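Enquirer: Quick one: the structure is below, and I'll ask about it shortly.
Bear in mind these aren't lab numbers, they're just calculated from the coordinates by the rules spelled out. Only a predicted model underlies this, so the values are computations on that prediction, with no experimental measurement involved. As a convention, Cβ positions derive from the backbone with ideal geometry for all residues, glycine included, and neighbour counts pool all protein chains shown.
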Amino acid sequence: MARYELVKRSVALITLTNPPVNALSSPVRHAIANSMERALSDPKVRAVVICGENGRFCGGADIREFAGPLRGPPLIPVLEAIEAGDKPVVAAIEGMALGGGFELALFCHYRIAQSKARLGLPEVTLGILPAAGGTQRLPRLIGIPAALEMITTGRHISAQEALKLGIVDQVTDQNACETALEFALKAVGKPLSPRRVSTLTTPCPPDLDALLEAATMQVKKKTPGVMAPLACIQAVRAAATMPYSKGMKRESELMATLFNSGQARALQYCFFAQRTAGKWTLPSGAQWNNSKPREIRSAAVIGLGTMGRGIVVSLARVGISVIAVESEKKLLENGRQMVIGMLERDAKRRGVSASLNLLKFTLSLQDLKDVDLVIEAVFEDMALKKRVFQELSKVCRPGTLLCTNTSGLDVDALAGVTDRPHLVAGMHFFSPAHVMKLLEVVCGPRSSSETIATAMSLGKKMGKVSVAVGNCPGFVGNRMLKPYLDQATFLLEEGATPEQIDKALEDFGFAMGVFRMSDLAGLDVGWRVRKESGLTGPDVDPKNPPRKRQGRRYCPIPDMVCEQGRFGQKTGRGWYKYDKPGDTNAKPDPLIQNLLETYRSRYGIQPRNISDQEIIERCLFVLANEGFRILEDGMAARPEDIDVIYLFGYAFPRHRGGPMFYASMVGLERVLERLEHYHQAHPDVPHLEPSALLKKLVACGSPPVQQWREHIKTMRSHL
Ligand SMILES: CCC/C=C/C(=O)SCCNC(=O)CCNC(=O)[C@H](O)C(C)(C)COP(=O)([O-])OP(=O)([O-])OC[C@H]1O[C@@H](n2cnc3c(N)ncnc32)[C@H](O)[C@@H]1OP(=O)([O-])[O-]
């Protein structure tokens, strides 16, 4: 777990060897302790260099160990022996020094970084704090403001920034280890005391209280209800106001409050879920590690609406040449200008030049004959999409992959009109596509493993979190969204207001409640879909009882809001009112209150007081319930995939872990009991009926979420 060598006859080289990121697992901590002891007691050794194998210094503590009891030597005493020793120790940082890895470097007397290395204390993103002295040592080295920013955000910084801040002593374009060996020899004989960070005094700004107060306000606003950043601020305060040893004690007390918290468990679950989600499988046995993706050098995007434009930008900025297609000259010109503007702004922000030379704009599908892959992003209309796919089938060379950005239509029906159904898949981006990280890769029953591998790998190349899902209406994300939105409108009927529902969801952790979010997204799209599917408008059968469709409860309030021309922020009115169209400041609207009162009295509904607890339970348990059904149907491979979709596509609060993890934290038994209760009260809402899988898991003793997969013995797996 660490290699010990004597090099240049007098330097001990300690190499951490724990692939893939040289995490500080128990055997690694052991090995560091033993190696340091050996180096310090060997008279031949005059200096020490610590580096990591395979060009990666250290990714920090082994997060997997957090779930169990501490085994092996605790980290801090191991690191203290490094600093206390009488021989200079140099950290040779290649790749990354993160979390405990960065703290290890801070205990060394000198730090040399390779120019491409990244450094940071990302513990806050895992619901904890840098408790191996990070909160006490970094402020001593670089001052309170810079340390506070790094510790409370978890931001990774470049080697150059680390040099500027005074964290590293030298940045090299060469091998950091070689440079560190030379550096170590020169350090021999120089006094070590000034190099021991624990002995430094934290430079304390005169306005410390105001600074910490501002930081507190900022994190409360940015991440309401999240504990770790607040604990980080308290620990940094200790670095400014207490001697080192007392500060270390305070750091450890604060860590104890976080370590076993539900938030830390949720955030650490998210870390692993995100990595698990990329590991797709197909019923054929093909999977992520046995299928080769094709390299995509050129692509085409059909349709330059909001989605199409975002997809063009996502492709072009990773160096893929893109042909963008529109049906009319005016739309094409408009799309061209918007795409160029977006790419230029994006390039400016990233400090690179815009890749405009990769773009071509055309009105003719004939121009697509040689591209490697096409993403169709036309209007959400099956007949139109089928025409496009038929045409593509004729025009594109036989090997071109044909993908659709549909947000819920049948991908296999589109595959069926082409001459290459095995090369068809869904690539469902989320709006705005160049910003949102989620990509649902929809595997049709005929999609080949190469097609899925290519779509998944292209997603990764574009910086997306790609999740493979099955081909069912709405796929995973939008299929679950419907019952969630339904519950919100049913609660309105029963007596709640949009403000009350939004507040309950925002207090839970969502950045925006369901109605504010709908106003932002625009209410007209859903209205059009409902009209097209005969749920509202002239096609509704007049014999239908009011507030019912196909025997199920139906809430027409969203239709009534749209009938008044209230389409959300863009019209200055929706569930809320705004000062002007496009404004974002939502204000309660008495007209909506009137509409709700009139509606309730028309249908004889006696409004009742609805608690925040009921709002959360009905909205979120029904969401998880649909997630269980999706798992039962084999449309998602595992609960982690569903959670990742909700974290990255629907802004589910990360410190709650995602809808499935949240259900497991509440307790499956309780979720089942509440769903049964609500279903009894609302028997005409089938989504409230507990799913078979939920019942089965409860009957099996409610295993942790990571074990659900073993219980999902589906015969219908589509993944
Ligand atoms: C105790 C005192 C306080 C100290 C606290 C800490 O240090 S807290 C820690 C603070 N540190 C952090 O928060 C850093 C967390 N890590 C990262 O941010 C990134 O992994 C990376 C930037 C290091 C490499 O990115 P990349 O895209 O090249 O690679 P990738 O992301 O795909 O990961 C590859 C594999 O390694 C696995 N794995 C990774 N790290 C750890 C770990 N620490 N542990 C265990 N496992 C870890 C990862 O799950 C995956 O496993 P799989 O799926 O193959 O079985």
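Enquirer: Would you give the gap between the C-alpha center of the range 560-626 and the C-alpha center of the range 460-491, rounded to a whole Å?
Expert: The distance from the Cα centre of the range 560-626 to that of the range 460-491 comes to 22 Å.
Enquirer: The range 499-519 to the range 70-87: how many Å between their Cα centroids?
Expert: Each part reduced to its Cα centre gives a spacing of 47 Å.
Enquirer: Which ordering of Y576, Y662, Y603 is given by a fewest-first count of other beta-carbon atoms within 10 Å?
Expert: Y603, Y576, Y662
Enquirer: Follow-up question, since we're still on this one. Using Cα positions and a limit of under 16 Å, work out the aspartates and glutamates in reach of K696, with same-chain residues fewer than 8 apart set aside.
Expert: List returned: E626, E632, D633, E669, E673, E676, E710.
Enquirer: Let me check I've understood the local charge: for I14, count other residues with C-beta under 10 angstrom from its C-beta, Lys and Arg +1, Asp and Glu -1. What total comes out?
Expert: Surrounding charge for I14 is +1.
Enquirer: Sticking with this structure for a sec: Would you mind checking the pairs K116/K360; K249/K437; K222/K464; K329/K587 and listing those with alpha carbons more than 30 angstrom apart?
Expert: K116/K360; K249/K437; K329/K587
Enquirer: Taking θ = phi - 60°, what integer Hz values does the Karplus form 6.51 cos²θ - 1.76 cosθ + 1.60 yield along the range 219-231, in sequence order, with x for Gly and Pro?
Expert: 6, 5, 6, 6, 10, x, x, 8, 7, 4, x, 5, 5
Enquirer: How large are Rg and Dmax for the range 451-540 when only the alpha carbon atoms are used, in Å?
Expert: For the range 451-540, the Cα-based Rg and Dmax read 16.9, 49 Å.
Enquirer: Here's something else I'd like to know. 7 Å from Cα along Cα→Cβ at both Q337 and N585: what's the point-to-point distance in nm?
Expert: Result for the modelled spin labels: 3.0 nm.
Enquirer: Ok, one more. Just for the chain, what percent of DSSP beta bridges are antiparallel, to the closest 5?
Expert: The antiparallel fraction comes to roughly 30 percent.
Enquirer: Given the peptides 481-489, 440-448, arrange them by the average over their residues of other C-beta atoms within 10 Å, most packed first.
Expert: In descending order of packing, they fall as 440-448, 481-489.
Enquirer: At q = 0.15, 0.23, 0.26 Å⁻¹, what is the log10 ratio I(q)/I(0) for the range 620-670, with the Debye formula run over Cα points and no solvent?
Expert: Those come out to -0.34, -0.80, -1.00, one per q.
Enquirer: Related question: Can you give the extra length, in nm with one decimal, that the chain gains between K548 and A413 once fully stretched, where that is 0.36 nm per residue apart less the Cα-Cα distance?
Expert: Length difference between fully extended and current span is 45.6 nm.
Enquirer: Which listed residue (L694, P588, Y244) has the Cα farthest towards the positive end of the charge dipole for the chain, taking +1 on Lys and Arg C-beta and -1 on Asp and Glu C-beta about the Cα centre?
Expert: Working it through, the farthest residue towards the positive pole turns out to be Y244.
Enquirer: Once phi is turned into θ = phi - 60°, what whole-Hz ³J(HN,Hα) does the Karplus curve with 6.51, -1.76 and 1.60 give for every residue of the range 505-511, x standing for Gly and Pro?
Expert: Result, ordered by residue: 6, 6, 5, 5, x, 5, 5 Hz.
Enquirer: Report relative contact order for the chain in percent, whole number only (criteria: Cα-Cα under 8 Å, sequence separation at least 6).
Expert: Numbers: 1358 pairs, mean separation 65.2, N = 719.
The normalised contact order for the chain reaches 9 percent.
Enquirer: What lysines sit close enough to K548 to cross-link, taking a C-alpha to C-alpha distance under 19 Å and skipping anything fewer than 8 places away on the same chain?
Expert: Within reach: K482, K531.
Enquirer: Show me the ranking of peptides 669-678, 580-589, 235-244 by mean Cβ neighbours inside 10 Å, starting with the highest. Please report the intermediate quantities before stating the final value.
Expert: On the way: 669-678: 17.6, 580-589: 12.6, 235-244: 20.7.
Ranking, from highest mean packing down: 235-244, 669-678, 580-589.
Enquirer: Relative contact order for the range 608-707 using alpha-carbon pairs under 8 Å, separation at least 6, rounded to a whole percent?
Expert: 31 percent
Enquirer: In degrees, nearest 10, range 0 to 90: what is the angle between the Cα axis of helix 590-602 and the longest Cα principal axis of the chain?
Expert: The two axes meet at around 50 degrees.
Enquirer: Where the only charges are on Cβ atoms (+1 Lys, Arg; -1 Asp, Glu), what is the dipole of the chain about its Cα centre, to the nearest 20 debye? Don't skip to the answer; put the middle values down first.
Expert: Details: 91 positive and 74 negative charges, 221 e Å.
The calculation lands at about 1060 debye.
Enquirer: I need the peptides 516-523, 130-137, 642-649 ranked by packing, meaning the mean over residues of other C-beta atoms within 10 angstrom, with the highest value on top.
Expert: 130-137, 642-649, 516-523
Enquirer: About the Cα centre of the range 221-281, what is the dipole size in debye to 20, counting +1 per Lys and Arg Cβ and -1 per Asp and Glu Cβ, all else neutral?
Expert: I would put it at about 120 debye.
Enquirer: While we're looking at this one, here's another question. Please compute one quarter of the surface area of the Cα convex hull for the range 334-447 and express it in square nanometres.
Expert: Quarter of the Cα hull surface area: 7.6 nm².
Enquirer: Okay, next question. Just to compare against my own numbers: the Cα pair-distance distribution for the chain, 10 Å bins, whole % per bin, please.
Expert: Distribution as computed: 3, 13, 20, 22, 20, 13, 6, 2, 0, 0 percent.
Enquirer: If you fit an axis through the alpha-carbon atoms of helix 668-681 and take the longest principal axis of the Cα set of the chain, what angle between them do you get, 0 to 90°, nearest 10?
Expert: Compared with the principal axis, the helix lies near 20 degrees.
Enquirer: Using only the alpha carbons, work out the radius of gyration and Dmax of the range 478-622 in angstrom.
Expert: Answer for the range 478-622, Rg first and Dmax second: 14.7, 42 Å.
Enquirer: Same structure again: Let's see if you can work this out: charge +1 on each Lys and Arg Cβ, -1 on each Asp and Glu Cβ, no other charges. What is the dipole magnitude of the range 565-719 about its Cα centre, in debye to the nearest 20?
Expert: Rounded to the nearest 20 debye, it is 400 debye.
Enquirer: Counting Lys +1, Arg +1, Asp -1, Glu -1, what net charge surrounds F272 among other residues with beta carbon under 15 Å of its beta carbon?
Expert: Here the charged neighbours net out to +2.
Enquirer: Positive end of the charge dipole of the chain (Lys, Arg +1 and Asp, Glu -1 on Cβ, about the Cα centre): tell me which of T216, A81, L523 has its Cα farthest that way.
Expert: Farthest along the dipole direction, towards plus: A81.
Enquirer: Using only the alpha-carbon atoms, how far is helix 262-277 inclined from the longest principal axis of the chain? Give it as 0 to 90 degrees, nearest 10.
Expert: 80 degrees
Enquirer: Something else about it: Grab the other residues whose beta carbon is less than 11 angstrom from that of T202, score K and R as +1, D and E as -1, and report the net.
Expert: +3
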